[in-house]
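Visitor: Below are the structure tokens for one structure; questions will follow.
Every read-out reported here was derived from the displayed coordinates using simple, explicitly stated rules and does not represent laboratory data. Just so it is clear, the structure is predicted and the values come from calculations on it, not from any experiment. Glycine also receives a Cβ, built like all others from the backbone with ideal geometry; neighbour counts cover every protein chain displayed.
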Amino acid sequence: MKKYDVIALGELLIDFTDNGNTSQGNTLFEANPGGAPCNVLAMLQRFGHNTAFIGKVGEDIFGFRLKKVLEAVGIDTANLILDKDVRTTLAFVQNDETGDRSFSFYRSPGADMMLQQEEVNEEMIRASKLFHFGTLSMTHEGVREATIKALKVAKENGLLISFDPNLRESLWNSLELAKKQVAYGLGYCDILKISDNEIRWFTGEDDFDKGAKLLQDTYQIPLILLSMGRDGSRAYYENMRVEVSGFLQEDTIETTGAGDTFMGSCLHFLLEKGLKDLREEDLREMLTFANAAASIITTRKGALKVMPTVDEVETLIKERV
């Protein structure tokens, strides 16, 4: 028996999201706990899974708050490092008229990028069924080495490995380096979640099917999950391609955390069903639930603390399908 269902490594930060204006016309920002890996873990906690996080925050007001939030939602923080010498990473998020997000990161350096390989708890990884990671922990040398160490421990001990590139261009010194590190992650993962703009960027293919085929052939990835925003999602598994439409919401506020909610929902399904011998109806069921869950989170500020419940998602599906 494993102690943890999923362990994730990466960034834990504060997302300052646009929350209107003051009477003087100044922008109000709401401080929401965030970071893609922990958003995924928070959704998995909703399903009753045991989860743990590997990362670093500052020994400051934001770091202490983030630690309390993780503990409140049930994520194990035994390998969350509080560093007195560096500040917690901050991200300011704004939406334009089309709903697209822009990020301004305060991370020069930020605590998340200062995690060192010797601070990674190997025993916690060995005690897990699945290891999840992204590329924000691969932008700089020290935290990159920590990520590589964790990946190798996970692979050597037979964990399933899931990967979400979650590209943030402004955090990379060059997009060539970003492609190199994404390729490294692709070489390790069993489950890839990639967005429409990311697969187009990485493969150079405007046709998503061709892009997915290229990734399958090059990296031998058993399952590719393609998120397409309001257009829904696709799953590529063996010789199957399954597409499910999105659940559009009239009261959408922002899309922060939607991809992470989608990913957490898919990982729950795969933890229950396994990655072998999936049928088309299995993939369709998984994507339908994940799309519905992602649509709900777009109606809420933040993500980590306000993940939808299973009942909420099932109710939406019954109403729409």
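Visitor: Multiply the residue separation of THR252 and ALA72 by 0.36 nm, subtract the distance between their alpha-carbon atoms, and state the gained length in nm to one decimal.
Guide: Additional length available on full extension: 62.2 nm.
Visitor: HIS132's amide H: which non-local residues (gap 5+, or another chain) put their own amide H closer than 5 Å, with H modeled 1.01 Å from N in plane and none for Pro or chain starts?
Guide: For HIS132, whose amide H was placed from the backbone, the distant partners under 5 Å are ILE7, ALA8, LEU9, SER162.
Visitor: If you don't mind, another one. If each residue's Cβ is checked for other Cβ atoms within 10 Å, how do VAL313, VAL153 rank with the fewest at the top?
Guide: In order of increasing Cβ crowding within 10 Å: VAL153, VAL313.
Visitor: Obtain the radius of gyration and the Kirkwood radius of the range 116-250 from its C-alpha atoms and give Rg over Rh.
Guide: 0.99
Visitor: Out of all DSSP beta bridges in the chain, what portion is antiparallel? Express it as a percent rounded to 5.
Guide: 45 percent
Visitor: For THR88, list long-range residues whose amide hydrogen, built 1.01 Å from N in the peptide plane, is under 5 Å from its own amide hydrogen.
Guide: For THR88, whose amide H was placed from the backbone, the distant partners under 5 Å are GLY58, GLY63, ALA111.
Visitor: Please compute, for the alpha-carbon atoms of the range 47-88, the extent along each of the three principal axes and give them in descending order in Å.
Guide: For the range 47-88, the Cα spread along each principal axis is 35, 16, 11 Å.
Visitor: For a footprinting-style exposure proxy, rank MET1, MET124, MET307, MET114 by other Cβ within 10 Å, fewest first.
Guide: Arranged by neighbour count, lowest to highest, MET1, MET124, MET307, MET114 become MET1, MET124, MET114, MET307.
Visitor: For the range 4-320, calculate the relative contact order in percent as a whole number, restricting contacts to Cα pairs under 8 Å that are 6 or more residues apart.
Guide: Dividing the mean separation by the residue count of the range 4-320 yields 17 percent.
Visitor: Further question on the same structure: Over the Cα atoms of the range 172-321, each weighted equally, I'd like the Debye log10 I(q)/I(0) at q = 0.11, 0.12, 0.21 Å⁻¹, rounded to two decimals.
Guide: Here log10 of I(q) over I(0) equals -0.43, -0.51, -1.37.
Visitor: What order do you get for THR288, THR309 when you list them from fewest to most C-beta neighbours inside 10 Å?
Guide: Least to most surrounded, the residues fall as THR309, THR288.
Visitor: What distance in nm separates the two pseudo spin-label positions at LEU175 and SER23, each 7 Å out from Cα along the beta-carbon direction?
Guide: Here the answer is 4.6 nm between the modelled labels.
Visitor: Whole-Hz Karplus ³J(HN,Hα) for the range 25-38, in order, using 6.51 cos²θ - 1.76 cosθ + 1.60 and θ = phi - 60°, x for Gly and Pro?
Guide: Each residue's phi maps through the Karplus curve to give x, 7, 5, 9, 10, 9, 7, 10, x, x, x, 3, x, 6 Hz.
Visitor: Run the reach check for LYS155 against lysines, Cα to Cα strictly under 23 Å, same-chain hits fewer than 8 apart removed. What comes back?
Guide: Partners within reach: LYS2, LYS3, LYS56, LYS129, LYS179, LYS180, LYS193, LYS273, LYS276.
Visitor: Let me ask another. Against the empirical 2.2 N^0.38 Å scaling, what ratio does the C-alpha Rg of the range 88-195 come to?
Guide: Working: Rg = 14.8 Å, N = 108, 2.2 N^0.38 = 13.0 Å.
The range 88-195 yields a ratio of 1.13.
Visitor: If only Cα atoms are counted, what is the Rg of the chain, and what is its Dmax, in Å?
Guide: 18.4, 59
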